Each structure stands twice: as C-alpha cells, then as structure tokens.
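Just so it is clear, none of the values below were taken in a lab; they were calculated from the coordinates. Small disclaimer: the values here were computed from a predicted structure and weren't measured. Neighbour counts are summed over all protein chains in view; Cβ atoms, including those assigned to glycine, are modelled from backbone coordinates with ideal geometry.
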Amino acid sequence: MKPFAIFAALVVAIVASNSLFTVRENEYAVLFQFGAIKRSDYAPGLHVKAPFVQNVRKFDKRLLTVDSEPERYLTSERKDVLVDFYAKWRIADVARFYSSFQGDEALATQRLLQIVREPLRQAFQQRKLQEVVAGRGDLILQVVKLSDDAARALGIEVVDVRMIRIDLPEDGDVLPSVFNRMRTERQQVANDLRGQGQEASETIRSDADRQSRVLLAEAQRDAQKIRGEGDARAAEIYARAYNTDPEFYAFNRSLEAYRESFRGKDGVLVLDKNSEFFRYFGEDARR
C-alpha cells in the first residue's frame, strides 16, 4: 500500500506540474495544443492547462533594442553618408508575432532591421545633407511612423528609432567638399564680421573726432570768455588804481616796462637819456 501511495503522489505531482503555470507581468504566455495556438491573452498570475496535451511558451513583454551596423545612404544631392542607428521595439501582438517568426527573436530582429532601413533610406533620398543634419527630429518621426505601420502586421510595435551618428565616408569626395564649403562659409562670416568691425571702428573714430572738435571749440570759447573777463577785470583794476594814485600807477607801469625791456641779456635798447622812459631812474641814471 505504501509504494502505491508514493506512486500516486508522484503521478499527482507530475500532473500538477504539467497543469499549472505562472505568467509574470513582464511576460506574454501563449498556449499551444498540438502545435496550434489556443490562447494568448493571459493576465499575470497562476493559470491551468491540460497536461501533456497543451504546452505554454513565454515571450518578453519589455522594450527591446536592435542595433544596426553603420550603413551607406544617399542624400537627394547624391552624397554618401554613413548612418549608425538603433531601434526600440516590443511585441504588440504575441500570437501574430509567433505566427510571423515562430517565436524566433533573432529572426524578428533581422526582419525589423530591414523594415527600418527602407523608410530611413527614403528619408535620406528626399533630403539634402544639410537638411538631414538640421532636421533630424522630423526625419526620425517619419521613419518611426513608416516603420511602425509596416511592423504592426508582424505583431511588432516600433517605439523609437535613433541615429547615433551620421558620418561622411573617408573614401569619397564628400568629406573634402563639405570641409571646403564649411571653410568658405566661415571665411564669409569672418569677412562680414571684419567689415562690420571696420564700419563700427570708422563710426567710433568719426564720433570721437567730432566730440574732440566740439570739446576744443568749447574750451577755446570758454578760454576766450575767461580771458576777456580777466582783461576786463584787469583794466578795471588798472583804472581804479590810476584814479586812486596816478603817480603810483605810472611808476608801477614803468617798472613793468623796465622788467619787460631788460628781460633778455643780449638785448640792446637805444634811447635818448632825457626820454620819458627814464624818468624814474633819477638824475644819475640820465647821465
């Protein structure tokens, strides 16, 4: 009796292990019966299947990445570019995904790369190189939409496509021509800036010269005004001094005349000794 109970328990355990299965939140589960899909809409949790007759395969529900090797594409101006990109995708319809690829993720990856390459090639052929670089965001949106529309029929959702870099092949004439164009454009910008600087310099110099002339004219005007006021003040002082003491005024003016006349050491002054010029030198000086 005891061996039979052990055997029965073993049979029950085997049947139970083949009847129960769990589905995680990050998984899809597909139920097969004799190789045909019976169900694919399982929610996360514990589920039951017919033992030995039915089997379950699970697939990743999370976001997956497919990376491409750099490939050549032609722009609308017939220029070669090397594009390195990757795509983010996930299984949208697990039953259709299995029917399309027999559940082979590697096969799905290869097919997805082909799907993404075609709209990417079309997008490059419709744009010039400068438009590709400047309008990368719009290009990506177009590629994602076209790729997702084509991949939906296979049970795949294309979430995003990103270009890691866009390079110019070194074995062609594109790279030198681009560098030459960039050099020409930079030279043109430099010439424009240099011209603007020269124009600004002339404007500043002209303005400075104008201000200098205005300041000098104003200074000369103020100097003439001050000098005139000083002369008027001096004349007023001289007149007041003359009116106060004419003899002292005459004496002071004579001293100033003597000082100015005998300032130079080599000067010669020929005058009559009885000249009014020597009136304050006394009789001895006149002899």
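Data table
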quantity	calculated
Pairwise FRET efficiency - Glu27 versus Val53, Cβ, R0 = 25 Å, nearest 0.05	0.70
D_trans [Stokes-Einstein, Kirkwood Rh over alpha-carbon pairs] for segment 28-158, 20 °C, 1.002 mPa s, µm² s⁻¹	129
Distance between modelled label sites at Ala241 and Glu69, nm, 7 Å Cα→Cβ extension	11.0
Size-normalised alpha-carbon gyration radius of segment 15-65, reference 2.2 N^0.38 Å	1.15
Pair Ile204, Glu118: separation of 7 Å Cα→Cβ label points (nm)	6.2
Loop trypsin sites (Lys or Arg not before Pro), segment 42-150, which have at most 11 other Cβ atoms in a 10 Å radius of their Cβ (DSSP)	Arg62, Arg78
Label-point separation in nm, Asn180 to Lys38, each point 7 Å along Cα→Cβ	7.2
